[in-house]
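Enquirer: Got a structure here, written out as structure tokens. Questions coming.
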Amino acid sequence: MHIGRLIQQKVSENGMTVVAFARKLSCTRVNAYKLFARSSIDTETLMRISLILDFDFFKELSEHLKSASFHEI
């Protein structure tokens, strides 16, 4: 699972612009795009993003872990 792409997808699904998302996250638009390119993220940032987007990314990651084989990790 590529967490950055999932975050970008949820931003889009929420009808939020990248600028608005970046503003809520207290970062620049450029940094938001860098975040979308990342395959991993620290838990503090992910918690903030979960609150901003009203989506439980931790649950999504947990479900992915349950269904993934060790070769996919």
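The values are calculated or read from the model by the stated rules, or taken from the named source; none is laboratory data. Given the structure is predicted, the values throughout are model-derived calculations rather than measurements. FYI the Cβ positions are ideal-geometry reconstructions off the backbone, even for glycines, and counts take in every protein chain you see. Keep in mind that these areas ignore ligands, DNA and RNA; they rest on the heavy atoms of the full protein, side chains included. Shrake-Rupley method; radii C 1.70, N 1.55, O 1.52, S 1.80 Å.
Enquirer: Considering only region 36-60, how many residues are in contact with a Gly (Cβ under 6 Å, 6 or more places away or on another chain) and in a helix (DSSP H, G or I)? Talk me through it step by step, then tell me what you get.
Expert: First, pick out the residues of region 36-60 that are in contact with a Gly (Cβ under 6 Å, 6 or more places away or on another chain): 36-38.
Of the ones still in play, those that are also in a helix (DSSP H, G or I) are 36.
Selection size over region 36-60: 1.
Enquirer: While we're on this one: Among all residue pairs at least 6 apart or on different chains, which show Cβ distances below 9 Å where the first residue, located in region 26-53, is at positive phi and the second is in a helix (DSSP H, G or I) and not acidic (Asp, Glu)?
Expert: Ser26/Arg48
Enquirer: Kindly list the number of the only condition in (1) without any contact (Cβ under 8 Å) to a residue 60 or more places away in the chain; (2) outside any helix (DSSP H, G or I) that fails for Met1.
Expert: It is condition (1) that Met1 fails.
Enquirer: Failed condition for Met16, given (1) of a type in the set (A, V, I, L, M); (2) modelled with pLDDT of 95 or more; (3) part of a helix (DSSP H, G or I), with all others met?
Expert: Checking Met16 against (1) of a type in the set (A, V, I, L, M); (2) modelled with pLDDT of 95 or more; (3) part of a helix (DSSP H, G or I), the one that fails is (3).
Enquirer: For region 18-55, which residues satisfy the criterion of being open to solvent by less than 80 Å² (accessible area, probe 1.4 Å), touching a helix residue (DSSP H, G or I) at 6+ places or on another chain (Cβ under 8 Å) and more than 26 Å from Ala68 (Cα to Cα)?
Expert: Val18, Val19, Phe21, Ala22, Leu25, Cys27, Thr28, Asn31, Ala32, Ile52, listed by residue number.
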